[in-house]
Amino acid sequence: MAGARVERGTRASQLWAVGITIGLAALVAMPFWGDPGDMRLVAEMAYYLALAQLWNLLAGYAGLVSVGQQIYVGLGGYTLFYLTDRFGIHPFLAIALAGPVCALFSIPVALAVFRLRGAYFAIGTWVFAEIFLLVVSIIPALGGGSGLSLTPSIVRSISSNRAGREMAIFWMTLAVLVVVFALVYWLLRSRHGLALTAIRDSEPASASLGVDTFRTKLLIYVVTAFGTGFVGALIFLQKLRISPEAGFSLNDWTVVVIFMVVIGGIGTLEGPILGMLVYIALRELLADFGTIYLILLGAIAVAVMLKAPGGLWGWVVHRYDVHLFPVRRRLRFEKPD
Amino acid sequence: MSQLKTSSLRAFYGDFQALFDIEFQADEGETIAVIGANGAGKTTLLRTIMGQLACDRDMVKFDGRPIGDLDAHEIVGMGIAMVPEGRRLFPSLSVEENLKIGGYCGRRGSWTLERVYQLFPMLAERRDVPSMALSGGQQQMAAIGRALMSNPRLLLCDELSLGLAPVIIKDIYACLDVISDEGTTLDIVEQDISRALGIADRFYCLQEGRVSLAAPAGGYDQAAITQAYFGI
Amino acid sequence: MGWVNIIIQGGLLGGLYALFAIGLALSFGIMRLVNIAHGDFIVLSAFVAMIVSAGLGISAIASLAVVIPAMFALGYLLQRGILNLTLGSDILPPLLVTFGISVIIQNLLLEGFGADIQRLHAGAIETESVILPGGIAVGVFPLLVFVLAVVCIAGLQFVFYRTGLGRAFRAASDDPDTAELMGVDKRHIYALAMGVAMAFTALAGVLFAIRTTFEPSSGPIRLIYAFEAVIIGGLGSFWGTLVGGMILGIAQAIGAALSPTWQILAGHIAFLVVLIVKPSGLFPRTRD
Ligand SMILES: Nc1ncnc2c1ncn2[C@@H]1O[C@H](COP(=O)(O)OP(=O)(O)OP(=O)(O)O)[C@@H](O)[C@H]1O
Ligand SMILES: [Mg+2]
């Protein structure tokens, strides 16, 4: 009789791990070979990829289609500005605190929006984002409608010169991306990952098997808020200014992120990478044509959802059967000889 | 010419093939029983005839016309109706509304709301209650009445006796006689062999998606049926 | 005295919110489809009315004779051509497809009309008012909008619960596969439902654009108002939607009276309170 074994690693994934390590090393060294404009673009790609991966965890794996993740981007940003400005905390420490602060805020939000099912959940999260935007706009300590800027002394506390500061922020962004990937990867390979797959396949069935769907979803929501807040703080450290409109922007922090994930392939770890590349490429290519790139992205996302719900990565897998981040357990039957 | 005829009918759920080369036919006015164990494919056969499950155009013919590629809502208008397994009344419609929507396709004929109420007087009394407030037997009657409202020439019935007490099953089968006397062809799926064979002219036995026996209902051979039913 | 006035004005505004909400409630009630682009269709209707009334030299109200059928047709085709393909047990496709459509409409309007603030004109009716007993002045136009909302809802209620078409809508909502067995073509019925939803959206959009200014990005917040009205009202009946709209309008009016910055926030708070206290809304559906 043929034996079977459960495996998660694949040949392609091992090659990929080597490739990623080399690529990352090159990026870490980028301040020594790249120009500042390219570094900014790479940093942007990194934080968008982090946001996309987090949204993917939420919507693609836990089925929580949130349209309100800008809450945590904005909240993370405001945490950085408020803590540094008010208490003179070092920016790096403030960024580290942005995650826990967002996680804390996300619990009451979750308890309210989890009362809404499916698509209503989506709009519910959106309403909350509006509420955060409006409330922040009327709090004088947060600068009201016009927002806050980082004071020069705080900016200098990162590094005394501009190049040094940009280098530090660049490395931090790469580090955050790695942390987010590791977090999502670890979560999916843990028993929570199995619970998520079960919930996604059939919530009632998994509930009857003893999977605590509420707690699993809450955990994912809070972890995602944590990560998103962390990324949000970093984004606004680069921008040096925050306002309610910029911090809680639906378009910047959620719309394009959703498009990236959908186009790349929702519910896969590889998809968001492809989707992010498509987004950046379209935006840069069509930079002279206003919002045409958004219309095009929207149209591509609609077409993908209708014709190839697996996205670009789904197509690649279908075509070549490669898995770069093996989170699923695969049953392999061995030839009897 | 037979009224309904299937030729090498196959049906699939995704990659899973549920029916294999079914040759089935029914003449106008006949009562046919379809029997078989759980999962034999009885419901699938009815659903495929009814257009709820896709098959090739020529696999099903009604009055000689190929209907395999039509949708359920088109097939009802041609004179085939189905009482689905588990009754499937519309919960947000009252009893009378359920009957009325049965006539949605607008086929004229001898069945009207009044005649359905004559056949099932109990429904007339409870016409305004929500359909889910009916007892199981009454729900089955409403489901049959609903199907009759489209004035079918061929009525497909899926496990009418499911979950009902024997006395009620007897009543319902008595009504089938009335329907049959109108000249309506009946195609009755049952797990209860003797009940089905008691009313049928002929029967088909399905086993794992194939016809394992087709014979006149009278004077059947018990051993042959057991063999066809269970494959043992 | 002042508070009575505020509540009346807010209640009348609720009529407009109820009109916003009808389309959303219809498509959710029948197809279980939440149209994220709903607010953008409201705004699209306003832009269409703007073109039609300028092109034909007629008032915005008269342009409804063109805008409503046009939006009905758009809704029918959209459902038949695209949205029907997204329906199933997975909630992601309809959500993300309508989300994409929302972004496409907003940005197309932006490319076509720029970010300028627009307004529709309906002549003298915009500014006329009547004095109610007790000396409260209410605008004729808000009153008209409210009456229209009541008429629309009564009409919908009649169609839904008294006609064959309404039975088909409800049956298709309960159990689409079994409805097919009755001769109901679900693709057609769904498309009709979306057409009807879009016709109400057109009416709401034009009335809204006469009442306040609009721009290409005005859609999302209208979706949110519509959504809040639906959730507050519950999905039990269309009258619940009217009550939901009125509660939202009154909350906003009270908020605005306290401080202009509180207007919208007060509406969201009313929504939150209902969500927490009674998540199924004030008039819940008995069965779902
Ligand atoms: N929706 C479905 N998807 C996949 N497979 C199905 C589906 N419905 C039925 N099947 C499979 O098709 C086969 C035939 O099922 P069918 O329901 O036709 O049997 P049946 O004879 O009506 O059984 P029962 O007496 O239990 O009603 C079974 O193996 C069943 O598991
Ligand atoms: Mg069956």
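The values are calculated or read from the model by the stated rules, or taken from the named source; none is laboratory data. This one's a predicted model, so the numbers in the text were calculated from it and none came from an experiment. Cβ placement follows ideal geometry from the backbone for every residue including glycine, while neighbour counts extend to all protein chains displayed. Side chains included, ligands, DNA and RNA excluded: accessible areas come from the protein's heavy atoms. Shrake-Rupley method; radii C 1.70, N 1.55, O 1.52, S 1.80 Å.
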Problem set entry | Label-point separation, A:V18 to B:T226 (7 Å along Cα→Cβ), nm | 6.7
Problem set entry | Total formal charge among the other residues, if their Cβ is under 15 angstrom from that of C:N84, Lys/Arg +1 and Asp/Glu -1 | 0
Problem set entry | Relative contact order computed over chain A (Cα-Cα under 8 Å; 6+ residues apart), in percent | 34
Exercise. So how strong a dipole does the protein assembly as shown carry about its Cα centre when Lys and Arg Cβ are +1 and Asp and Glu Cβ are -1, to the nearest 20 debye?
Worked result: 1800
Problem set entry | Solvent-accessible surface (1.4 angstrom probe) belonging to C:K186, in square angstrom, nearest 10 | 60
For this session: Would you mind getting me the FRET efficiency between A:I292 and C:T213? Use the beta-carbon distance for r and R0 = 22 Å, nearest 0.05.
Result: 0.25
Exercise. With contacts defined as alpha carbon pairs under 8 Å and 6 or more residues apart, what's the relative contact order of chain B in percent?
Worked result: 27
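Leaving out ligands and nucleic acids, and using a 1.4 Å probe, what accessible area per residue does segment A:7-327 come to in Å²? Walk me through the numbers before you get to the answer.
Numbers: 13020 Å² over 321 residues.
Per-residue accessible area for segment A:7-327 comes out at 41 Å².
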For this session: Rank-order B:116-126, A:32-42 by packing density, defined as the average count of other C-beta atoms within 10 Å over each peptide's residues, highest first.
Result: B:116-126, A:32-42
For this session: May I ask you to give the average projected area over all directions of the convex hull of the Cα atoms of chain A, in nm² rounded to one decimal?
Result: 19.6
Exercise. So what's segment B:108-232 giving for Rg/Rh, alpha carbon basis, Kirkwood Rh from the mean inverse pair distance?
Worked result: 1.02
Problem set entry | Calculated FRET value between A:A112 and A:V179, using beta carbons and R₀ = 30 Å, to 0.05 | 0.60
For this session: Whole number please: convex hull volume per residue, Cα atoms of segment A:34-102, in Å³.
Result: 109
Exercise. What is the helix-to-structure angle for C:186-211, meaning the angle in degrees between its Cα long axis and the longest Cα principal axis of chain C, kept from 0 to 90 and rounded to the nearest 10?
Worked result: 10
For this session: Between A:R200 and B:E182, with labels modelled 7 Å along Cα→Cβ, what's the label distance in nm to one decimal, could you check?
Result: 5.1
Exercise. With the dipole of chain C worked out from charges on the C-beta (+1 for Lys and Arg, -1 for Asp and Glu) around the Cα centre, which of C:F41, C:V4, C:G267 lies farthest toward the positive end?
Worked result: C:V4
Exercise. Roughly how crowded by other chains is peptide A:299-306, in terms of the mean Cβ count from those chains within 10 Å of each of its Cβ atoms?
Worked result: 6
Exercise. Please state the relative contact order of segment C:2-277 as a whole percent: Cα pairs under 8 Å, 6+ residues apart?
Worked result: 39
Problem set entry | Surface/4 of the Cα convex hull for the protein assembly as shown, nm² | 43.8
Problem set entry | Mean accessible surface per residue for segment C:2-277, computed with a 1.4 Å probe while every protein chain stays in place, in Å² | 34
Problem set entry | Those residues of segment C:179-221 for which accessible area with every protein chain present is at least 40 Å² below the isolated value (1.4 Å probe) | C:E180, C:L181, C:M182, C:G183
Exercise. Leaving out ligands, DNA and RNA, what percent of the accessible area of segment A:7-327 is carbon and sulfur, probe 1.4 Å?
Worked result: 67
Exercise. Using a basic spin-label model with each label point 7 Å from the Cα along Cα→Cβ, how many nm lie between A:A96 and C:I58?
Worked result: 6.9
Seminar exercise, completed: A 1.4 Å probe over the protein heavy atoms gives segment C:2-277 a carbon and sulfur accessible-area percentage of 70
Exercise. In what order, largest first, do A:S243, C:S280, B:S131 sit by accessible area if the probe radius is 1.4 Å?
Worked result: C:S280, A:S243, B:S131
Exercise. With point charges of +1 on the Cβ of Lys and Arg and -1 on the Cβ of Asp and Glu, referenced to the Cα centre of segment A:7-327, which listed residue (A:V113, A:A12, A:L306) lies farthest in the positive direction of the dipole?
Worked result: A:V113
Exercise. In peptide B:46-55, how many Cβ atoms from other protein chains are near each Cβ within 10 Å, on average?
Worked result: 1
Seminar exercise, completed: Asked for the total accessible area buried by A and C (1.4 Å probe, Å², nearest 100), one would answer 3500
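If you roll a 1.4 Å probe over the heavy atoms of the protein chains, what accessible area per residue do you get for segment B:51-151, in Å²?
39
Going by accessible area, probe 1.4 Å, with all protein chains left in place, what is the ranking of A:S160, C:S129, C:S59, largest first?
Details: A:S160 105, C:S129 70, C:S59 50 Å².
Sorted descending by solvent-accessible area, the residues read A:S160, C:S129, C:S59.
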Exercise. When chain A is modelled as a GNM with alpha-carbon springs shorter than 10 Å, which of A:F248, A:F121, A:F214 fluctuates the most?
Worked result: A:F214
Problem set entry | Descending principal axes extents, segment C:167-207, alpha-carbon based, whole Å | 40, 15, 11
Seminar exercise, completed: Rounded to the nearest 10 Å², the accessible area of C:H188 using a 1.4 Å probe with every protein chain kept is 70
Exercise. For chain C, what is the convex hull volume of its Cα atoms per residue in Å³?
Worked result: 137
Problem set entry | Charge context of C:I221, other residues only, Cβ under 12 angstrom, K/R +1, D/E -1 | -3
Seminar exercise, completed: Buried accessible surface, C vs B, both sides, probe 1.4 Å, in Å² to 100, equals 1900
Problem set entry | B:D21/A:N251 FRET efficiency (R0 56 Å; Cβ-Cβ; nearest 0.05) | 0.45
Seminar exercise, completed: If every Lys and Arg gets +1 and every Asp and Glu gets -1 at its Cβ, then about the Cα centre chain B yields a dipole, in debye to the nearest 20, of 340
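Using a 1.4 Å probe and counting only protein heavy atoms, arrange C:E215, B:E23 so the residue with the most accessible area comes first.
Ranking C:E215, B:E23 by accessible area, largest first, yields B:E23, C:E215.
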Problem set entry | Value of Rg to Rh for segment C:1-121 (Rh from inverse mean 1/r over Cα pairs, i.e. Kirkwood) | 1.03
For this session: Once you have the Cα-Cα distance between C:W239 and C:A65, take 0.36 nm times their residue separation minus that, and quote the gain in nm to one decimal.
Result: 60.1 nm
Exercise. Where in segment A:41-86 does accessible area fall by at least 20 Å² between the isolated chain and the complete protein assembly, at a 1.4 Å probe radius?
Worked result: A:V65, A:V67
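Count, for each residue of B:94-101, the Cβ atoms from other chains sitting within 10 Å of its Cβ, then give me the mean as a whole number.
Values: counts 2, 0, 0, 6, 3, 0, 3, 12.
That average works out to 3.
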Seminar exercise, completed: Computed on Cα atoms, Rg of chain B relative to 2.2 N^0.38 Å comes out at 0.98
Exercise. Given C:G245, A:L80, C:Q157, which one lies farthest toward the positive end of the charge dipole of the protein assembly as shown, if we put +1 on the Cβ of every Lys and Arg and -1 on the Cβ of every Asp and Glu?
Worked result: A:L80
